[in-house]
Amino acid sequence: MEWPVKESHKNVVWLSFSICTMHSHHFLEPPRSPSWPQVRAQSKYTSRACMPSKYVKKKKGPGCPSKGLARKAELKNKAYWAEVKARRQTTATNLSAIVKKEIKEEFPSSIPAQDRSAMSAGPRITLRGLTRARSTLYDFVSSYFMFHGLDPTKTADVFAHLPALTFTEAVIYELDDANECAGRMEGGETRGGSGTARTLEQLVCRLEEHFGAEHFRRVRSRLQWELSRGSAYWETERRLCGKLAAGTKLTDEDARHALDALKKKSFDYRVLNLVLLASVRKQRREARDAERRRRGTGCEIKREEEEDEEEEDKLGDAEDVPYGDLLAASELLVELSDDLYDYEEDVASGAFNFYRCLVNHHGPERAPEEMAAVIQSAEREYARLEERLSRDDPELARRYRERCAQATEEGLPGRQVRSDPSSPAEMTVDSRGKWEVPPPIADERAWRERTDDVAHPRGDRGP
């Protein structure tokens with residue numbers, strides 16, 4: 001039985017049959033000749049179907065195309081890849097311009113343009129700087145963490161803040177080495193200032209990147225001030241060491257500058273304390289934000305935000321570093337102790353030493369008495385501040401006294417002192433060791449030659 005079909009319907013059926021036949025023939029046709037240029041997926045166009053229509057090769061029949069058509073398709077493929085390459089180059093150029101713009105906006109305008117390329121890499125540190133920073137970081141963690149509510153015996157508390165502290169102290173030691181080298185050179189007191197300032201500015205920028213402007217803004221100005229005091233200490237050190245090396249007698253003003261430099265010498269501890277303050281701010285804020293996201297409701301979040309603002313005002317102001325004046329007084333006593341212990345070594349190397357400056361200024365007869373007077377004044381100030389800490393926080397005062405006793409056992413006397421004015425050369429300390437003022441060296445040049453002869457007899461020096 002033949003169904004009646006209209007003429008228009010016959011055309012539709014025939015067209016559908018033709019399309020099916022063409023597709024079946026296309027899928028069953030044998031592989032083309034290797035000479036046919038194949039398009040490989042090397043860009044966002046992953047297949048022929050994804051390419052622009054003007055680049056798709058059109059077939060004229062089921063067989064292989066003629067050589068002319070193959071050549072024409074090959075040329076079109078070359079044009080296609082040329083356009084892809086041009087697009088990639090344009091994208092790279094635009095991206096480079098965007099990156100340059102972001103880098104330019106990242107750095108403060110106060111930094112010269114010629115220094116911005118070096119700024120992107122940050123200050124240089126070496127293994128020597130990291131090694132020298134180790135002992136300072138150990139003492140800082142053991143003595144200062146307790147003032148921030150941290151436990152120096154817990155690895156979680158230590159490693160949460162260690163990267164920024166290590167980086168900061170290593171950079172400072174690198175600058176200290178460079179300063180000592182500059183001080184030994186002719187005219188060293190005038191060298192190294194611009195390089196030091198640039199490196200310290202880079203240090204501040206890197207720390208701000210690490211902590212974020214929100215957590216770093218309250219300590220930035222105070223940190224820059226402490227770093228400027230460190231730079232001033234290095235400048236005074238170079239100038240005084242130059243005079244001592246030349247055998248020039250120090251004036252009264254030089255002696256005052258020497259004492260001022262001694263008070264600035266531990267600036268790295270104060271810088272580390274500010275870095276730790278910023279790190280603690282960031283850690284506590286992130287912990288509060290995480291807790292708020294986990295359990296907060298509308299009214300509860302508002303109440304916690306008010307508490308957070310009060311807490312930030314209490315712990316975030318750099319002017320209120322926890323018991324910073326007590327720690328500064330302790331740092332001065334430690335520096336005095338170090339200068340007495342390292343006196344002969346500093347004379348041999350020509351390094352800055354406060355006792356060495358006193359011997360030059362007052363002479364070998366009066367220098368021990370003057371040193372004892374400075375120590376007595378420093379310990380009275382320390383005793384006053386420690387008494388205040390005992391009233392405010394007896395438990396913290398007890399822990400800090402235990403740490404001072406431990407430091408003395410480790411070879412670091414000078415935290416709490418009672419001196420005997422009648423015997424300035426040996427001042428006893430209540431169960432914490434004693435101050436020993438070494439014999440002054442009147443003629444440093446003759447002493448160096450004598451010690452050099454003992455260390456290297458003439459017969460061992462060679463021709």
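The values are calculated or read from the model by the stated rules, or taken from the named source; none is laboratory data. These numbers were taken from a predicted model, which means no experiment stands behind them. When we count neighbours, we look across all protein chains shown, and the Cβ atoms used for this are built from the backbone with ideal geometry, even at glycine.
Does Gln406 satisfy the condition of being modelled with pLDDT of 55 or more and surrounded by 12 or more Cβ atoms within 10 Å (Cβ to Cβ)?
Numbers: modelled with pLDDT of 55 or more: yes; surrounded by 12 or more Cβ atoms within 10 Å (Cβ to Cβ): yes.
Taking the combined requirement at face value, the residue satisfies it.
Is at least one residue of region 122-129 surrounded by 14 or more Cβ atoms within 10 Å (Cβ to Cβ), hydrophobic (A, V, I, L, M, F, W, C) and modelled with pLDDT under 95? Steps first, answer last, please.
Of region 122-129, the ones surrounded by 14 or more Cβ atoms within 10 Å (Cβ to Cβ) are 122-123, 125, 129.
Checking which are hydrophobic (A, V, I, L, M, F, W, C) leaves us with 125.
Those left that are additionally modelled with pLDDT under 95: 125.
Yes, region 122-129 contains at least one residue that is surrounded by 14 or more Cβ atoms within 10 Å (Cβ to Cβ), hydrophobic (A, V, I, L, M, F, W, C) and modelled with pLDDT under 95.
Which residues, taken from region 200-243, are of a type in the set (A, V, I, L, M) and either farther than 26 Å from Asn353 by Cα or crowded, with 18+ Cβ neighbours inside 10 Å (or both)?
Scanning region 200-243 gives Leu200, Leu203, Val204, Leu207, Ala213, Val219, Leu223, Leu227, Leu240.
With (1) at pLDDT below 95; (2) among the acidic types (Asp, Glu); (3) assigned by TED's automatic domain parsing to the domain that holds Val158 as the list, and Glu253 as the residue in question, which single condition is left unmet?
Of the numbered conditions (1) at pLDDT below 95; (2) among the acidic types (Asp, Glu); (3) assigned by TED's automatic domain parsing to the domain that holds Val158, the odd one out for Glu253 is (1).
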